[in-house]
Amino acid sequence: MSINETVLEMHYHKPLMDLFRDAFGLGENGQINFYKYSPQRECFIGFDQAYVKTQISEDELFRVLKESAASNSYVLKDTFVGYYLQFKVVKQMKKRTQSTPSCITSNPHYRVQLSTKKNQNTGFSQHEHLWNLKSNKGAMVYYACPMIFEREDLYDIDIDLETLRLVDVESCPSEYSDNGSHSIYFNDQVCDPFWCSEPVRGVGISPRNFAQLLVEQINDEGRARESAISLLKTLEVARENAKKSNRKVENSIDSINDFNILANILTVVRVSRQME
């Protein structure tokens, strides 16, 4: 098994769900579900509290999501938040090179190569897609940077979430549309990152910090509705693009690529509370 973005996401999937469930502390009076979109099956794959994989149709999820987005009152049984995690491979740099920015003073230090080369079909890079996503109000968009460097570590049963550093795209200074080379650097495994090539200090948080942000967003009446509206809008655009691609209309390759980028990094959290 090689260390790549897909393997890293799978490695952290269940411990992240465990963490978020515990953070919400719903007990017996509620339930938390996680949904990942499956373009091939045209449905959402859900993971319930017992981590049973189920399927829920687009129409069913959109119906409940629309109710949440349309409500002005925080009394609904179901509330939603969507988050976007783009997993990246972190490279351990044991010594400085000529290209190492001056803000990096430690050895070893850590580097993440960003995908800033524009796709010839869509005209956008992966980073530009993330930059555009974070402009949606209430969106939570992060690079997930696991401090895993040996293949053997992927087989650990007890996964340490402290090895995962989440970098807030909101703290990035640019969409990096110059088609050049750009990176994220860390002096150590727990510090804030630097966006480079021109070094700008960014914001990095732990999974536990991230879980608390999820709780705060979904427990706040205004932010919960704001998040539902943003999530609904994003999903409807993605669904429409998917329909266009199925009809093989002009620019269908663009629609497929854009939709797959969203589908790969989006997780929908649905919190259901027992109504009194």
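The table below gives the values:
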item: Subset of region 83-115 [among the hydroxyl-bearing types (S, T, Y) and crowded, with 20+ Cβ neighbours inside 10 Å]; result: Y83, Y84, Y110
item: Flag for E128 being surrounded by fewer than 21 Cβ atoms within 10 Å (Cβ to Cβ), more than 20 Å from N264 (Cα to Cα) and of a type outside the set (F, W, Y); result: no
item: Single condition E226 does not satisfy, out of (1) assigned to a loop (DSSP other than H, G, I, E, B); (2) farther than 20 Å from L114 by Cα; (3) not aliphatic (A, V, I, L, M); result: (1)
item: Candidate set: region 227-270, residues that are more than 18 Å from the chain's Cα centre (by Cα) and crowded, with 18+ Cβ neighbours inside 10 Å; chosen: the one modelled with the highest pLDDT; result: N241
item: Criterion (in a loop (DSSP other than H, G, I, E, B), surrounded by 18 or more Cβ atoms within 10 Å (Cβ to Cβ), at pLDDT below 90 and outside the structural domain of C191 (by TED's automatic domain parsing)) met by exactly one of L76, L65; result: L76
item: Pairs with Cβ under 6 Å, 6+ apart, first in region 202-214 and under 15 Å from M147 (Cβ atoms) and of a type outside the set (A, V, I, L, M), second at pLDDT 95 or above and crowded, with 17+ Cβ neighbours inside 10 Å; result: G204/R165; G204/V167; G204/P193; P207/L164
item: Region 52-70 residues that are among the basic types (K, R), paired with ones that are surrounded by 12 or more Cβ atoms within 10 Å (Cβ to Cβ) (beta carbon under 9 Å, 6 or more apart); result: K53/I45; K53/G46; K53/F47; K66/A228; K66/L232
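The values are calculated or read from the model by the stated rules, or taken from the named source; none is laboratory data. Keep in mind it's a predicted model, so treat the numbers as computed, not measured. Using ideal geometry, Cβ is built from the backbone for each residue, glycine included, and neighbour counts are taken over all protein chains shown.
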